[in-house]
Amino acid sequence: MKVLIAIIIILVLILIIIGIIYYAYIRIMGKIQSFSRLAFGTSSLTQGVRKMELTEMTTPKSIAAATGLYLPSIMRDFPEFHYDEMRTRAENVLKSYLRSVDEGDGGILTEGTSDLKEELKLRIQTLKDEGKIEHFERITIHKTEINRYRKEKGRCSIIFQSAVGHVHYIETRGRAVSEDEKRLKQTRYNTELVYIQDKEMIEDTADNGLAMNCPNCGAPLTRLGAKICPYCDSPVAEYNIRVWNFSRVAEVK
């Protein structure tokens, strides 16, 4: 009889423990579902996480757009500057740069300075030496704006920043690439456009330079795009490089 009572007591205790665990489980699941509905708009946490991942994959990154701030200054310095044309050129350079890396062919790059072409060539060669292939697929440029405008002595640069979506992964010999690595990613790139007033007057085309002066009277030229000396009216256009070119493409982390 005592044994039977003991068994009953044990069973009752087990049922109580099971009830407590079940109650706690229900409470926890309720909180999880409430959090999931609040955070993701669905009671399923798994679906919510998947929805968040999908949103992250498809929502373009925000860019530091300052076109309205810098464009008036650019137009004052270069009245013939065509913003829409330069923005399109910047996007074409960015796309062709990524395609060059993807196909291992620097000749795909549409335009750029010798430094940019050399950097691209080195990147492709390094990948080949390491037995790797860097892929850029499904490239989409969502938006491009001027991010920064800098003026140095005899040189100026415009940084275009682009919101970009692409599938980016690196394939290595002997290693399979998972589908997770091939997922669409959103990122940002900076493409630098440069204008050099006179190469002979530049000490360091990366950042520094000497002041540009009129070849006739020696007066300083206050505008980078000046074609006529404001003091003696002598033409200076023939001394200008007068060519905008792209010197750098870099992902913004």
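The values are calculated or read from the model by the stated rules, or taken from the named source; none is laboratory data. Please read all numbers here as calculations on a predicted model, not as lab measurements. Cβ atoms come from the backbone with ideal geometry, glycine included; neighbour counts cover every protein chain shown.
When only residues in region 119-136 that are among the basic types (Lys, Arg) and assigned to a helix (DSSP H, G or I) count, which is surrounded by the most Cβ atoms within 10 Å (Cβ to Cβ)? Ranking the qualifying residues of region 119-136, first place goes to 123. Tell me which residues, restricted to region 65-105, are touching a strand residue (DSSP E or B) at 6+ places or on another chain (Cβ under 7 Å), hydroxyl-bearing (Ser, Thr, Tyr) and surrounded by 14 or more Cβ atoms within 10 Å (Cβ to Cβ). Correct list: 67, 70, 97. On the stretch given as region 104-127, residues that are of a type in the set (Gly, Ala, Ser), on the phi < 0 side of the Ramachandran plot and in contact with a helix residue (DSSP H, G or I) (Cβ under 6 Å, 6 or more places away or on another chain) total 1.
The residue that is surrounded by the fewest Cβ atoms within 10 Å (Cβ to Cβ), counting only those in region 106-118 that are touching a residue at least 24 places away in the same chain (Cβ under 8 Å) and either in a helix (DSSP H, G or I) or not assigned by TED's automatic domain parsing to the domain that holds residue 170 (or both), is 115.
Checked against (1) small (Gly, Ala, Ser); (2) touching a Leu at 6+ places or on another chain (Cβ under 7 Å); (3) modelled with pLDDT of 95 or more, residue 163 passes all but a single condition, namely (2).
For (1) touching a residue at least 24 places away in the same chain (Cβ under 8 Å); (2) in contact with a Gly (Cβ under 8 Å, 6 or more places away or on another chain), each residue gets a yes or a no:
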{"site": "140", "(1), (2)": "yes, yes"}
{"site": "144", "(1), (2)": "yes, no"}
{"site": "166", "(1), (2)": "yes, no"}
{"site": "177", "(1), (2)": "no, no"}
{"site": "183", "(1), (2)": "yes, no"}
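Annotation note: of 245, 216, the sole residue that is in a loop (DSSP other than H, G, I, E, B) and at pLDDT 65 or above is 216.
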